[in-house]
Structures are given as C-alpha cells and as structure tokens.
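Rule-based calculations on the coordinates, nothing more; no lab input. Everything numeric here is computed off the predicted structure, so don't read it as measured data. Here the Cβ is made from the backbone with ideal geometry for all residues, glycine too, and neighbour counts use every protein chain on show.
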Amino acid sequence: MNYFALFLTLATQQSAGRMRVWRALKALGAATLRDGVYLLPEGAGQSQALEAIAADVRGVGGTAEIYRLDGRDEAERQRLVALFDRRGEYAELLTRIRRADSADAKALRALRRDFTALEAIDYFPGEARRQAQEAMAQLEAAASGEPRNAAGRIRRLAGADFQGRTWATRKQLWVDRMASAWLIRRFIDRKAEFLWLDKSTKCPKTALGFDFDGAAFSHVGGLVSFEVLAASFGLDVDPALARIAAIVHCLDVGGVPVAEAAGIEAVLAGARAGARDDDALLSMAGRIFDSLYLNYRKEYSHE
C-alpha cells in the first residue's frame with residue numbers, strides 16, 4: 001500500500017485558512033503523520049482532493065507539496081495503517097445507534113448519514129465497521145417493520161422449553177464460552193448441566209451445543225454465541241447484559257473497542273490459570289460476570 005503525503009505550512013495569522021484546510025483533511029479521513037504532514041491511501045480521488053487542498057494552501061500564501069511514500073518494512077507499514085484506525089469513531093456511532101428510537105425518523109436519517117460518511121473514510125475496514133453496519137441494519141429493519149437479513153435472523157425461543165437440559169461446548173473455556181455458560185445458568189436454564197467436549201463432533205444428540213460449528217447456538221450474522229443466546233431468549237433488551245455482550249464480542253472477535261475489556265480479560269485469564277477444571281472455572285467466572293452484571297444494573301438504575 002502506497003500513500004500520498006501532503007506537506008504543508010501556513011502562516012500563523014492565517015487562522016481562517018488553517019481551519020478550512022483542517023476541516024477538508026478531516027472530511028477526507030486524512031491521518032496525521034506529524035505536524036504539517038498528512039496521509040491518505042493512494043487513489044485517484046484522494047490525489048485530486050489533496051491537490052485541491054494544496055492549491056488552497058498556496059492561495060493563502062502557504063506552501064504545499066505532495067509526495068508518495070510507503071513503509072520501509074512490515075512493522076512500519078502496520079504503523080501507517082494504524083494511523084487510520086476508526087474503531088473509536090465506530091464505538092461512538094454504535095452507542096448512538098443502540099440508544100436510538102426506531103420510530104424517530106429524523107434521528108434515523110442522521111445516523112445513516114453519519115455511518116455513510118464514516119464508511120467513506122474507513123480505508124481499512126474491519127470488524128468495527130461490520131458491527132456498526134449490522135446494528136444500523138437492525139435499527140432500520142425495526143423502523144420499516146421488515147425482518148432482518150436471513151443470514152442474521154435469530155428465532156425467538158421460549159425459556160420454558162429449555163429447562164433442566166444438558167448443554168455442551170468445547171472444553172478449556174475462554175471468554176465467549178465462559179460468558180455463554182454463565183448466561184445459560186443465570187438467565188435461561190437455572191438447572192443446566194454442562195458437558196465439556198474434547199471434540200465438538202462428539203456432542204451427544206440429546207445435548208444443546210453452543211459455540212462451535214453446527215451447534216444449536218453459535219455465531220450468527222457476525223454475532224458471537226453470547227449475543228445469539230441473549231437474542232434467542234429475549235435477553236438482549238437488558239442494557240446490563242448488552243454491556244457484557246459488548247465486552248465478550250470485543251474479546252472474542254475484536255471490532256469496536258470497550259474500555260474495560262482488557263481488565264476483564266486479565267481477570268478471566270487469572271481465573272483460568274487458577275482453576276483445576278472447567279467446572280471450577282465456570283464457578284469462578286460466574287462470580288466475575290455476576291459482579292459485572294450487578295454493577296451495570298446499578299448504573300442503569302440511576303439514569
């Protein structure tokens with residue numbers, strides 16, 4: 001990947017010109033390499049846009065030159081890509097989407113406009129954009145009354161039909177499976193028994209599998225297993241569980257960053273290191289998720 005680099009200088013008294021240039025660069029999604037040096041991935045549209053900005057800079061007495069550059073090695077190339085990280089912006093947008101009322105047409109239009117603008121300057125898209133795109137599609141589907149895309153459709157189930165069951169997943173639990181097992185026993189099937197599988201292909205037909213290919217509950221349409229279970233049993237409307245879901249999603253597949261995710265990951269890693277087996281680990285992890293849930297419930301009760 002090559003980049004266009006715009007080197008510019010503007011006189012300090014040119015505050016209006018400086019603000020105009022800054023706004024134009026921001027609208028393009030340009031990254032700042034250092035003061036006075038701005039980057040855009042190579043492309044015809046980007047070249048023309050930077051030429052227009054350079055002409056504006058020269059028109060108010062500044063200097064502007066455009067060069068082509070690339071990283072010297074893979075590590076440097078990754079640092080350049082990281083300058084265009086949009087995960088924080090997607091996180092803010094995702095928060096707005098999740099709080100939006102699907103009946104508010106004006107808010108819906110504003111969210112769609114902002115998503116489209118962010119998408120246009122997301123030169124290295126990843127999981128964060130997919131999350132925001134999925135949430136936007138769900139909100140718009142709710143507004144129109146149309147069902148979600150079939151690839152992401154989750155059937156609503158009655159908890160009464162899933163009591164006292166055996167649930168199975170891969171052994172050596174990690175975040176999504178830990179959280180899913182906690183969710184099952186805490187909110188779905190309080191008498192659940194768990195079977196930890198050496199191989200997912202050995203799951204008994206009488207058991208309800210989760211978080212492996214072919215399981216009754218696994219990733220759907222970009223949602224991780226915890227999110228699928230929550231949606232299947234109508235638990236996704238609980239804002240405290242939604243906060244936990246965001247952490248689980250972030251730690252399992254990446255995407256939109258969550259501030260507390262790294263801390264939770266460290267605590268869960270400590271629990272796994274100290275647990276003698278998966279039953280003990282679930283017990284320890286369950287206390288962690290219980291504490292998280294109670295904390296978030298308290299936060300929302302004060303809003």
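So here's what we get for this one:
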{"quantity": "Point-charge dipole on Cβ atoms (K/R +1, D/E -1) for the chain, about Cα centre, debye to 20", "calculated": "460"}
{"quantity": "Gap separating the Cα centres of the stretch 75-135 and the stretch 1-70, nearest whole Å", "calculated": "24"}
{"quantity": "Farthest positive-ward along the chain dipole, Cα basis, beta-carbon charges - from Ala158, Ile288, Ala105", "calculated": "Ala158"}
{"quantity": "Hydrodynamic radius (Kirkwood) for the chain, which is based on Cα pairs only, to one decimal in Å", "calculated": "22.3"}
{"quantity": "Estimated D of the stretch 106-201 in µm² per second, where Rh is the Kirkwood radius over Cα pairs and Stokes-Einstein applies at 10 °C, 1.306 mPa s", "calculated": "94"}
{"quantity": "Residue exposure sequence - Cys250, Cys203 - by fewest surrounding Cβ within 10 Å", "calculated": "Cys203, Cys250"}
{"quantity": "Helical contribution to [θ] at 222 nm, DSSP H n ≥ 4, -39,500 (n - 2.57), averaged over the chain, rounded to 500", "calculated": "-16500 deg cm²/dmol"}
{"quantity": "Kirkwood hydrodynamic radius (C-alpha pairs) into Stokes-Einstein, the stretch 87-152, 25 °C and 0.890 mPa s, D in µm²/s", "calculated": "202"}
{"quantity": "Whichever lysines have a C-alpha closer than 20 Å to that of Lys202, once near sequence neighbours (fewer than 8 apart) are set aside", "calculated": "Lys171"}
{"quantity": "Kirkwood hydrodynamic radius (C-alpha pairs) into Stokes-Einstein, the stretch 1-150, 10 °C and 1.306 mPa s, D in µm²/s", "calculated": "92"}
{"quantity": "Descending Cα extents along the principal axes, the stretch 3-82, whole Å", "calculated": "40, 24, 19"}
